[in-house]
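Right, one structure below, let's go through it.
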Amino acid sequence: MKKTLVVFAHPYLEHSNSNVELINFYVRHQHFTLRDLYEEYPDFHIAAFRERKRLKNYDRFIFQFPLIWFGIPPLLRLWIDEVFDRDWLKEGGHNPLENKEVYILVTTGGKERSFSRNGTYKYTVEELISGLIVSLNVFKANLKNIKVVYEANKLSKKDIILHKQKFTELLNQ
């Protein structure tokens, strides 16, 4: 099993049953390390050197977060800005993301049809999180899958478990 770092960022976790259930999966499996950015950095002071060092220890990464005002949560944006290092792209620089599998799991309260060219918001979730996607591509990460859980705040326990199972199947491919 691949050693996996889960970079989790949810500013209102206490109001998210679906995210709680999904992160409980990681806690119960030894090959997953969960890093809750809002728990670790409530003051938004990122220990960038420590985070860069941590990235080197993993074979795979999962970025899990809710869509917040049509983008990624502010602390995750800050974490990317401070941790991802342009020196990784230099000749001989060690790039901890290069060729590593990356999965993105996004939750949103909106309906799937709302996130389309003809929908309420006129943009897809992938377009709204494009900053993260472009950053991962620049650092030559192997972006395997983007899973979006729509209407996450309305899901039944059974639906949440089904999403968790589907995501687990993706990780085991």
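The values are calculated or read from the model by the stated rules, or taken from the named source; none is laboratory data. Fair warning: this is a prediction, and the values are worked out from it, not measured in the lab. Counting neighbours? That spans all protein chains shown, and the Cβs are built from the backbone with ideal geometry, glycine included. Side chains included, ligands, DNA and RNA excluded: accessible areas come from the protein's heavy atoms. Shrake-Rupley method; radii C 1.70, N 1.55, O 1.52, S 1.80 Å.
Per-structure values
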| item | result |
| --- | --- |
| Fraction of accessible area attributable to carbon and sulfur, the range 1-49 (%, probe 1.4 Å) | 53 percent |
| Crossing angle, helix 17-27 versus the chain [Cα axis fit, 0-90 degrees, rounded to tens] | 40 degrees |
| Alpha carbon centroid spacing (whole Å) that separates the range 115-152 from the range 37-73 | 17 Å |
| Under 19 Å between alpha carbons - lysine pairs in the range 125-173 that sit 8 or more apart or on different chains | 10 |
| Spatially proximal lysines relative to Lys53 (Cα-Cα < 16 Å; intrachain offsets below 8 disregarded) | Lys3, Lys100 |
| Unit charges at the beta carbon, dipole of the range 77-159: most positive-side option, Ile129, Leu89, Asn153 | Asn153 |
| Inter-label distance for Asn172 and Arg113, nm, one decimal - labels placed 7 Å from Cα along Cα-to-Cβ | 3.4 nm |
| Helical mean residue ellipticity (222 nm; -39500 (n - 2.57) per DSSP H run of 4+; nearest 500) of the chain | -10000 deg cm²/dmol |
| Full-stretch length increase - Lys122, Glu98 - with 0.36 nm per residue and alpha-carbon distance subtracted | 5.4 nm |
| Max mean-square fluctuation residue, GNM over the chain, Cα-Cα springs under 10 Å, options Asn118, Asn19, Asn137 | Asn118 |
| Fraction of accessible area attributable to carbon and sulfur, the range 62-129 (%, probe 1.4 Å) | 47 percent |
| The chain - accessible surface per residue (Å², probe 1.4 Å) | 54 Å² |
| Fully extended contour minus Cα-Cα distance, from Ser156 to Phe44, at 0.36 nm per residue | 37.0 nm |
| Residue order for Leu162, Leu67 - accessible surface, 1.4 angstrom probe, largest first | Leu162, Leu67 |
